[in-house]
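Engineer: Mind looking over this structure? Questions follow.
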Amino acid sequence: MYFGLTDEQLMMQDTVRSVLESECPPLTILEQLKTTAEMVGPWSTLSEMGVPGLIASEDLGGAGFELLDAALVAEVGGEGALPGPLLGHQLAMLAIIGGGSDEQKERWVPSLASGERVGTIAWAEPGDRWDPNSWTVRIENDRLHGKKVHVPAPAPSGLVVAGTAPGGLAVIDDASTGVEFRDFDGIDRTRPLVEMRFDGAVAEVLPGGPDAANRLRDAGCVLLAADAFGCASRIMRETIDYLSEREQFGTRLTQFQGIKHELADMAVELEPTRALWWYAAHALDHIPDEGPRVAAIAKAAIGDRAMRIARACVDLHGAIGYAWETPIHLWYKRIMFDRAFLGGSGYHRDRAAELAAW
């Protein structure tokens, strides 16, 4: 039995990787961050390639791929510190595909799949409430009331999927009325966040209910784990390249035994987790009873390991690792985002234990 990626999946990753390297390499991202707060990245190019619609069915204008394929793109996005709305858009698509009626899917998914419209999700609430059971935003007479925080910034004409009490989902097709936006100074500036206060915003309930919200959280865990894995892989490569150029006492730093051991420990810690998020993505599509637990484990384990690796890599850069001029902080901050978004590692370890009946 073959447990690797197909040639098509590898080609997809290579194609996305080449787009990021040509249109928004890390040094270009740094320059943009110095001059503007708006980071859209190569969205139009990715849309032409069909990336926004990977997980939509072909009859709705998508490619008909699976969650693993979306996660493979997320991995490359982490490697390249991809700026823009991909994460929120993927989750909004999954929310409608997994929780919407046939009519709702036909109305919203094609424009999202083409990239013509950009979606996002409003998930967390004040007080670090990530769990759908803890949501307090209410919907009355098709109008939303309440507040959401840590929302991936929506596009001006975008679509927002908001979590509602008790664990449901609702779509705001027009956020120009009944919604107050406030900028939030998040750690990862390649994926800006906002706060949203709903004061009678018109919304439409997705009939999938709490089951759809829970499936969406599980899928989000896999996408974040894949992104963090890509970040950790890239920050290690950047560190090895840097240390290979630096010398002390006439010897390159990569030749010192202590540094060799530390780099080897990082690789040994990270590489086995590749199979973890691959399996979690596969399980959510094909082994639904197993998927939620493995997704929670992947989010917690990879988030923690990637964070440890990022800290070690910054230290190995010395003082320059803390400077704005080097792009190393892009992956460090991105890992911090991935580890925190949709709930921290402790929350997901508790979920995994509960799902395993421990």
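The values are calculated or read from the model by the stated rules, or taken from the named source; none is laboratory data. All figures in this text were calculated on a predicted structure; none of them were measured in a lab. All Cβ positions, even for glycine, are placed from backbone atoms using ideal geometry, and neighbour counts span all protein chains on display. Ligands, DNA and RNA are excluded from the accessible area calculation, which covers all protein heavy atoms including side chains. Shrake-Rupley method; radii C 1.70, N 1.55, O 1.52, S 1.80 Å.
Engineer: Would you be so kind as to identify which of ALA95, ASN133, PRO85 lies farthest towards the positive end of the dipole of the range 56-164, taking Lys and Arg as +1 and Asp and Glu as -1 on Cβ and the Cα centre as origin?
Structural biologist: Of the candidates, ASN133 comes out farthest on the positive side.
Engineer: Also, I was wondering about something else. From the mean inverse distance of alpha carbon pairs (Kirkwood) and the Cα radius of gyration, derive Rg over Rh for the range 91-168. Walk me through the numbers on the way to the answer.
Structural biologist: Working: Rg = 12.8 Å, Rh = 13.2 Å.
Over the Cα atoms of the range 91-168, Rg/Rh equals 0.97.
Engineer: Another question, if that's okay. Taking the highest mean first, how do the peptides 154-165, 282-293 order by number of other beta carbon atoms within 10 angstrom per residue?
Structural biologist: Working: 154-165: 21.3, 282-293: 16.7.
Ranked from most to least packed, the peptides come out as 154-165, 282-293.
Engineer: Return the whole-Å distance between the Cα centroid of the range 15-79 and the Cα centroid of the range 142-185.
Structural biologist: 23 Å
Engineer: In terms of the Cα gyration tensor, with a ≥ b ≥ c the square roots of its eigenvalues, is the range 260-352 rounded because a/c is under 1.5, prolate because a/b exceeds b/c, or oblate?
Structural biologist: On the way: a/c = 2.77, a/b = 1.95, b/c = 1.42.
Because a/c hits 1.5 or more and a/b exceeds b/c, the range 260-352 counts as prolate.
Engineer: Could I ask something else about it? For the range 2-145, just say rounded, prolate or oblate: build the C-alpha gyration tensor, square-root its eigenvalues into a ≥ b ≥ c, call rounded for a/c under 1.5, and beyond that prolate if a/b exceeds b/c, oblate if not. Kindly include the intermediate steps, with their values, before the conclusion.
Structural biologist: Working: a/c = 1.83, a/b = 1.28, b/c = 1.43.
Verdict is oblate for the range 2-145.
Engineer: Here is a further query. Nothing charged except the Cβ atoms of Lys and Arg (+1) and of Asp and Glu (-1): what's the magnitude of the dipole of the range 266-318 about its Cα centre? Round to the nearest 20 debye.
Structural biologist: Numbers: 6 positive and 7 negative charges, 35 e Å.
Magnitude of the dipole: close to 160 debye.
Engineer: Which helices count as membrane-span-like in the chain under these terms: full DSSP H, at least 27 Å along the axis by C-alpha, Kyte-Doolittle mean of 0.0 or more? Please list the in-between numbers first.
Structural biologist: On the way: long enough: 209-245 (55 Å, 0.05); 291-316 (37 Å, 0.51).
Helix filter hits for the chain: 209-245, 291-316.
Engineer: Rounded to the nearest 5, what % of the DSSP beta bridges within the chain are antiparallel ones?
Structural biologist: Within the chain, antiparallel bridges account for around 90 percent of the total.
Engineer: With n ≥ 4 as the cut-off for DSSP H runs, can you work out [θ] at 222 nm for the chain, using -39500 (n - 2.57) per run divided by the number of residues, rounded to the nearest 500?
Structural biologist: Values: 12 runs with 188 residues, N = 358.
Rounded to the nearest 500, it is -17500 deg cm²/dmol.
Engineer: Only Lys, Arg, Asp and Glu count, each charged at its Cβ (+1, +1, -1, -1), so figure out the dipole size of the range 66-151 about its Cα centre, rounded to 20 debye.
Structural biologist: Working: 8 positive and 13 negative charges, 87 e Å.
Here the range 66-151 has a charge dipole of around 420 debye.
Engineer: Which value, in debye to the nearest 20, gives the size of the charge dipole of the range 1-160 about its Cα centre, when Lys and Arg are +1 and Asp and Glu are -1 at the Cβ? Could you put the intermediate results ahead of the total?
Structural biologist: Numbers: 10 positive and 23 negative charges, 158 e Å.
In debye, rounded to 20, the range 1-160 gives about 760.
Engineer: Okay, moving on. Just the number please: accessible area per residue for the chain, 1.4 Å probe, all protein chains included, in Å².
Structural biologist: Spelled out: the 1.4 Å probe surface of the chain, per residue, equals 45 Å².
Engineer: Which is farthest toward the positive dipole end of the range 1-109 among PHE65, GLN9, TRP43, measuring Cα position about the Cα centre, with Cβ charges +1 (Lys, Arg) and -1 (Asp, Glu)?
Structural biologist: Of PHE65, GLN9, TRP43, it is TRP43.
Engineer: Within the chain, what whole-number % of the accessible surface is contributed by carbon and sulfur, with the 1.4 Å probe and all protein chains included in the calculation? Walk me through the numbers before you get to the answer.
Structural biologist: On the way: 8330 of 15970 Å².
Carbon plus sulfur share of accessible area: 52 percent.
Engineer: Going 7 Å from the Cα of ALA323 along its beta-carbon direction, which residues of the range 227-247 have the amide nitrogen within less than 16 Å of the resulting point?
Structural biologist: 239, 242-243, 245-247
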